[in-house]
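One structure is given below, encoded as structure tokens.
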């Protein structure tokens, strides 16, 4: 079997290092970030092969196999990516050359994985939400009243966000107010019958690095209200995110079928607390990989963080059915 391995996405490594915190277990060395066709793995010290899935972890001494029309990309902790092309065999080993004297794959693996030790600590294990106390009550509350959709319990990039919410029943007059954390009184208030408003004209943009509270309440029924927090990303981190995003978008144009750039952006956005942006990339990934466990698990965790409990339940049901 021909051994062909190519290293891609070498740029952005210094940016990504220290910013990504993917869903690695304590012993994993990489994740499957892109998958086409059937790709199989022989786990270390185990017999037989089994199919790999998007987002699955791989470990030292695993052996990956691709076939005539299949390929895979592996995403490492330093942001580097290896693409395994069709009809290939990749040995994820830190040891020297094998008995046959073939050293190309082994040497490449060793070079990529150098310095990996100690990065994947037990503290970075995947958060897996399987049950949340009072979930039905949370969903009922969500269905009854006003619900802020964006920005919601998340970091954001822009200093002038567009605010959105939803409500059940008849159209109402809303009072929308914004408060800076630690300040008494409101920065501004707006009355509207719409379910969204742009950032108010004439108001200064929000301060980066600051936390704000957004409240949307019915004027004639004060029990119908929702209040959330959000934080505007600091200048340096925002510029870093924009730079990586632009680079990943350019790489995506070169190979639209490769999901690795979107995979990296999901990881970056989650690490920065930009949950709304991470969901956007996950939606795009799901269109190409419907029903993938990794994508659903990522969505479920984010829905819990921002408080979208109806969506959390829907995704949780899909996961339980797998």
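Since every read-out is calculated from the coordinates, none of them should be taken as a lab result. For clarity, every value in this text was computed on a predicted model and none was experimentally measured. Virtual Cβ from ideal backbone geometry, glycine too; neighbours counted across all protein chains shown.
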Förster-model FRET efficiency, 41 Å R0, residue 153 and residue 87, C-beta, rounded to 0.05: 0.30
Segment residue 194-residue 135, extension gain: residue separation times 0.36 nm, minus the distance between their alpha carbons: 18.3 nm
Relative contact order of region 146-232, defined on C-alpha pairs under 8 angstrom at six or more residues apart (%): 38
Alpha-carbon Debye profile of region 134-251, log10 I(q)/I(0) at 0.24 Å⁻¹: -1.37
Region 31-77: relative contact order in percent, alpha carbon pairs under 8 Å with at least 6 residues between: 53
All-pairs Cα distance distribution in region 235-321, expressed in whole percent, bin size 5 Å: 3, 14, 25, 23, 17, 11, 7, 1, 0
Region 235-321: relative contact order in percent, alpha carbon pairs under 8 Å with at least 6 residues between: 18
Simple spin-label estimate for residue 286 and residue 235 in nanometres, 7 Å along Cα-Cβ: 3.8
